[in-house]
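Structure first, then comments.
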Amino acid sequence: MLDILRDRTYRRLFLAQVVALLGTGLATVALGLLAYDLAGGNAALVLGAVFAIKMAAYVTVAPVAAAVAERVPRRRVLVTLDLLRAAVALCLPFVSSVWQVYALIIVLQTASAAFTPTYQATIPDVLPDEERYTRALSLSRLAYDLDSLLSPTLAALLLLVLSYNALFMGTVLGFVASALLIVSVILPTPKPAAPRGFYDRTTRGIRIYLATPRLRGLLAFSLAVSSAGAMVLVNTVVLVKDRLGLGDAAVAVAMGAFGAGSMLAALALPRLLNRMADRPVMSGGALVMLAGLISLAALDLAFGLSQAALVAAWLLIGLGYSAVLTPSGRLLRRSSQPEDRPAVFAAQFALSHACWLITYPLAGVLMTFSGETVTLSVLAAMTATSLVIARLQWLADDPVEMEHEHPDLPADHPHVRDGQRHAHAFTIDDLHRSWPTSG
C-alpha cells in the first residue's frame, strides 16, 4: 500500500490530507470546550447546532461549489479554501458570543464542503491506474481512522500545558501546511467538453449520479453506512457511561474498537479488491455491519448489555464500515469522465451526508425515548433494507462500459465517434431522461 507514496504529487496531497485532518481533530476538541465556556450547561445545544450547520453545508454547498469551481484550476481552488479555513480557525479563539461561533462555523463548513469533493476528485486523475488508486483509497481511509484516535490523544497532551485556544492555533497550522503542500505540486484540471449554463453545472453531478444504477446502489450503501455508523458515533457515550456505568477510558476503548475494525479492513482491502469485484465486497461489508447491530441487540435482550459485547459489535461494525466506504471512490471514478468527476464526487458528498442528516437525529431520538434494544433493531432494519435496495439497483452483471446513444450531443463532442453509437465508461454524459435498467 505504501509504495504509492513514491509518487511525489500523491505523496504531498496525502500529507496535505493528514495535516488538515489533524488540525480539524484539534478544532473538534477545542470547539467543545469553547461551547462550554460560552453556554455552560447548554453546551450540548450549541454543539448540536454546530453539527447541524455542518451537515446542512455539506448537503447544499458541495454541488454548487463544484459548479462554480469547474473552470478554475483545482490547485488554486484547494489552496484558497485551505487558507479560508485557516483564517476562520484563527478567529475562533477571539469569539465572545454563541452567534459568532455559528457565523464562523458556517464559513468553515462551507469551505470544507467545497474542498473535500474537489480534493477527492483530483486523486483519480493523479493516479489513473485503478490498482494504485485502490491503494490510495485504503490509505485515505486509514488516515481518517488514525486521526480519530490520534487527534484526541494529541489534544489531551497539549491541554496539559496549554489552554484550549492553543488547539485552534494547531488547526491554523494544519490548514496552512496543507495549502503549502498543495501549492508545491502541479495538479491536472480537465476542461469541460463544452460550455454549460450554471443550472446544468450545478445539477449535472446529481443527475449523472441518479441516472447511473451502480451509483444509485452506492447511495443505498451510504444509507447502510450511516445507519450503523450513527449508532456508534451518537450513542457510544450513553451506552458506556449511562447504561454500563463506566468511565471515559471505557468510551475510548469502545471507539477504539470501531476504529481498529475500520483500520483492519482498510489494510486488507487492496488485496481483496484485486480478487473480488466491488459489489460483493461492499455487500459483505454491509452484512458485517448488520451482524454487529443484530448480535448486540440480541445479547442485550437476552443477557443485558456488557462491555465485551459492545466492543465486539463495534469492531464488527468498523470492519463493515470501511469495507463499504473504501471502494466507493472506484465506483465514482468508473462512472465519470474526467471533466465530470468533480461534479459526481460532489454529488456523492452531498447525498451521503444527507443520509447522515437522517440517521444522526434518528439514532439520538430513539436512544433517548426507546432504549438501546429498539434503537439497534430499527437501525439494523434500515441497514438491511438499504442492502437489499443497493443490490436491486446495482445488478451483478454491471458492465464497466455500455453501448448507448447520445442523440442530443453535437457532432464534435468527444463521446460521438463515427455516428452517435459507441461504448465508453457508463457516465450517462447526455443525462438520459429515462432510467436505465442495468449497468
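Amide H neighbours of W394 under 5 Å, at least 5 residues apart or on other chains, H built in the peptide plane: list them.
Counting only residues 5 or more places away or on other chains, the set is G217.
What are the ³J(HN,Hα) values, in whole Hz, obtained from phi via the Karplus relation 6.51 cos²θ - 1.76 cosθ + 1.60 with θ = phi - 60°, for each residue of segment 170-176 in sequence order, with x given for Gly and Pro?
Going residue by residue, I get x, 5, 4, 4, x, 5, 5 Hz, with x marking Gly and Pro.
HN-Hα J couplings of segment 315-320 from phi, Karplus 6.51/-1.76/1.60, θ = phi - 60°, integer Hz, Gly and Pro as x?
Rounded to whole hertz, the list is 4, 4, 5, x, 4, x.
Within the set of other residues whose C-beta is less than 12 Å from the C-beta of L81, count the net charge using Lys and Arg as +1 and Asp and Glu as -1. Display every interim value, and only then the final one.
Values: positive: R74, R75, R76, R85; negative: D82.
Combined, the nearby Lys, Arg, Asp and Glu give +3.
Given the C-alpha centroids of segment 288-320 and segment 160-175, what is the distance between them in whole angstrom?
Segment 288-320 and segment 160-175 have Cα centres spaced 36 Å from each other.
Would you kindly derive the ³J(HN,Hα) couplings of segment 349-355 from the backbone phi angles with the Karplus curve 6.51 cos²θ - 1.76 cosθ + 1.60 (θ = phi - 60°), listing them in order in whole Hz, with x for Gly and Pro?
Working through the residues one at a time gives 4, 5, 5, 5, 6, 5, 4 Hz.
Determine, for each peptide in 162-171, 365-374, 379-388, the mean count of other beta carbons within 10 angstrom over its residues, then list the peptides with the highest first.
Numbers: 162-171: 19.0, 365-374: 14.9, 379-388: 20.9.
Most protected by this proxy first, the peptides run 379-388, 162-171, 365-374.
Would you mind checking which residues have amide H under 5 Å from T326's amide H? H placed 1.01 Å from N; only 5 or more apart, or other chain.
Counting only residues 5 or more places away or on other chains, the set is empty.
Values in this text are rule-based calculations from the coordinates and carry no lab data. The structure presented is a predicted model; accordingly, all values stated were derived computationally and were not measured. Positions of Cβ are backbone-derived with ideal geometry, glycine not excepted, and every protein chain shown enters the neighbour counts.
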